[in-house]
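Here is the structure we will look at.
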Amino acid sequence: MKLFKDLYNYRELLKSNIKKDIRGKYKGSFLGILWSFVSPLLMTFVYALVFPFLMRGSGYDSYTTFIIIGILPWTWFTTSIAQGTYCIIGNGGILKKVYFPREILPISVVSSGLVNYLIQCIIIIIFIFIYHRPITVNLLFLPLIILIQYLITLGIIFVTSAINVYIRDFEYIINFIIQLLFYGTPILYELSMFEKAPKIIYTLMNMNPLAIIITSYRDVFYWGLTPNLKSLLILLLFSLVLVSLGLFIFRKLSKGFAEEI
């Protein structure tokens, strides 16, 4: 409850931080906020040129749409983790001079990423209309999926941003783990393709929270199906535990931020 009270009392600071993160990312560039559209589109088209040859007979009406539905939330996740892990060190000067709830920094990173993702969802909607993908009532599950991804990302950043203050190499370790995680997450493929793989590999891939999230996005956006609600509810519970644990660790370690930065 203290967190919600602090966020309310410092809501203007939170808003300004979110705006700064969104504007600062593209500050000085010619296209500005349009890079939110251009960057994922360029990445998607690169994959779309190569992987259809490897995915022949997969049955996708539009492999580009299939990829972009996975790329955009993955970009939100990875960008937030990278920026969030560095957010305490990057704001070290302010932390030493002004008091405010330190939790605002990780929260503003994830929130600005969410705003970018919601803007980028326009791209998904456009591709859905172009390729006549089914638009069903199952889109109502989208806020639940987004909420789960938000909470999981925030929980991770609470931990990584705090540890990175004490172990400066930690952000490089996190970046390496994210690169490995990319291949274990069904962004360019479906999990069902690995059903005949060794059982332990398929089990581990199914336990990947991001695999469940990306699959759920595809269920509601691409296939027009109801996502696996049992998996989502379990993941929601997991995300709440992760945020609580992450917040506990963050607050414990935050006591030494000023001395370490």
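Key figures
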{"quantity": "Kirkwood-based shape ratio for the stretch 135-177, expressed as Rg/Rh from alpha carbons", "calculated": "1.26"}
{"quantity": "Rel. contact order, % - alpha carbon contacts under 8 angstrom, at least six apart, the stretch 180-248", "calculated": "25"}
{"quantity": "Rounded percent of accessible protein surface that carbon and sulfur make up, the stretch 120-261, 1.4 Å probe", "calculated": "73"}
{"quantity": "Extension gain from Leu139 to Glu12, taking 0.36 nm per residue of separation minus the Cα-Cα distance", "calculated": "42.5 nm"}
{"quantity": "Cα extents of the chain along the three principal axes, largest first (Å)", "calculated": "59, 46, 35"}
{"quantity": "Cα convex hull volume per residue for the stretch 78-127 (Å³)", "calculated": "66"}
{"quantity": "Virtual spin-label span in nm between Arg168 and Arg251, 7 Å along Cα→Cβ", "calculated": "3.0"}
{"quantity": "Pairs of Cα atoms farther than 11 Å apart, the stretch 213-252, %", "calculated": "66"}
{"quantity": "The chain: DSSP helices with Cα axial extent of at least 27 Å and average Kyte-Doolittle hydropathy no lower than 1.6", "calculated": "104-130, 142-166, 229-254"}
{"quantity": "Percent of C-alpha pairs per 5 Å bin, the stretch 68-174, short to long", "calculated": "2, 11, 20, 20, 15, 11, 8, 6, 4, 2, 1"}
{"quantity": "Burial order of peptide ranges 10-17, 37-44 (average beta-carbon count within 10 Å, highest first)", "calculated": "37-44, 10-17"}
{"quantity": "FRET efficiency, 1/(1 + (r/R0)^6) with R0 30 Å, evaluated for Phe45 and Phe176 via beta carbons", "calculated": "0.70"}
{"quantity": "Spin-label pair Lys20/Phe4, simplified geometry with 7 Å Cα→Cβ offset, distance in nm", "calculated": "2.7"}
{"quantity": "Fraction of alpha-carbon pairs over 12 Å apart in the stretch 190-233 - percent", "calculated": "61"}
{"quantity": "Convex hull projection area averaged over all views, the stretch 119-226, Cα basis, nm²", "calculated": "8.5"}
{"quantity": "Given Lys15/Lys96; Lys97/Lys255; Lys19/Lys252; Lys5/Lys230, the pairs whose alpha carbons are separated by over 26 Å", "calculated": "Lys19/Lys252; Lys5/Lys230"}
{"quantity": "Helical contribution to [θ] at 222 nm, DSSP H n ≥ 4, -39,500 (n - 2.57), averaged over the chain, rounded to 500", "calculated": "-24000 deg cm²/dmol"}
{"quantity": "Relative contact order %, the chain, counting alpha carbon pairs below 8 Å whose residues are six or more apart", "calculated": "27"}
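The values are calculated or read from the model by the stated rules, or taken from the named source; none is laboratory data. Since this is a predicted model, take the numbers as computed values, not measurements. Glycine gets a Cβ as well: all are built from the backbone with ideal geometry, and neighbour counts include every protein chain shown. When the accessible area is computed, the model is the full protein with side chains, heavy atoms only, and any ligands, DNA or RNA have been set aside. Shrake-Rupley method; radii C 1.70, N 1.55, O 1.52, S 1.80 Å.
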